[in-house]
1. Compute the Rg/Rh shape ratio of the chain: radius of gyration over Kirkwood radius, all on alpha-carbon atoms.
2. Taking 0.36 nm per intervening residue step and subtracting the Cα-Cα distance, what contour gain separates GLU190 from GLU167 on full extension?
3. How large is the charge dipole for the range 44-165, taken about the Cα centre, if only the Cβ atoms of Lys, Arg (+1) and Asp, Glu (-1) carry charge, to the nearest 20 debye?
4. Could you tell me how many cubic angstrom of Cα convex hull volume the range 1-94 has per residue?
5. From largest accessible area down, sort GLU167, GLU32; use a 1.4 Å probe on the protein chains.
6. Report, to the nearest whole %, how much of the accessible area of the chain belongs to carbon and sulfur atoms, 1.4 Å probe, protein only.
7. So what's the convex hull volume per residue for the Cα atoms of the range 50-164, in Å³?
8. Suppose all protein chains stay in the model; what accessible area per residue would a 1.4 Å probe give for the chain, in Å²?
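The values are calculated or read from the model by the stated rules, or taken from the named source; none is laboratory data. In this text the structure is predicted, and so the values were computed from the model without any measurement. Using ideal geometry, Cβ is built from the backbone for each residue, glycine included, and neighbour counts are taken over all protein chains shown. Please note that ligands, DNA and RNA were not included when accessible areas were found on the heavy atoms of the full protein model with its side chains. Shrake-Rupley method; radii C 1.70, N 1.55, O 1.52, S 1.80 Å.
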Amino acid sequence: MSTMDTIRSGFVEAARVLEQFTNDRTAWKALEQAGRLMVETLRGGGKIITCGNGGSMCDAMHFAEELTGRFRGNRRALAAVALCDPTHITCVANDYGYDYIFSKGVEAVGRPGDLLLGITTSGNSRNVLEAVASARSIGMKVVALTGKGGGQIASECDVEIRAPKSEFSDRAQEIHEKVIHSLVHYIELELGLA
């Protein structure tokens, strides 16, 4: 198989995974439940805190900036923050360990009535799981974006949106990107901002 045949097969696989997600009624139900929780959070004066590692951190940042900035049209900023400050991360990693880089952030800025969006393609990222535990202790709701089999986080969140199982995390991340945009769009529509 040539290099371009291999690249093309990646697009074919991505389309197949998206179609699988699109045809999964459980995924749609979870997406709606997550959207409702996020709208309730924002209507109640709370904020959405996001976290993830690597590409999932990029997705967490992307979600937050779509809410605080602009998605499709001009509107007021919505309360969201991604736990991605490198000084906080390196300080906590040095003093407490990498497993606590997000939980300490949740502890610092999380309040009852807020919501945590934890993104982990494996569902087993220890630092995201610690953030969930911290959020729960505060009284926050938790939504998780996962892949593969859902991992440990699947049983520890209020709503799990799981990308179809695939060999590599990039397929899950592609679904997560679409889910992120869909959640922002849902929030805008429900709040009458779109």
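1. 0.98
2. Using 0.36 nm per residue and subtracting the Cα-Cα distance, I get 4.7 nm.
3. With Lys and Arg at +1 and Asp and Glu at -1, about 440 debye.
4. Numbers: hull volume 16.7 nm³, N = 94.
Given the Cα convex hull of the range 1-94, per-residue volume reads 178 Å³.
5. GLU167, GLU32
6. 52 percent
7. Taking the convex hull of the Cα positions in the range 50-164, it is 103 Å³ per residue.
8. Numbers: 9650 Å² over 194 residues.
Spelled out: the 1.4 Å probe surface of the chain, per residue, equals 50 Å².
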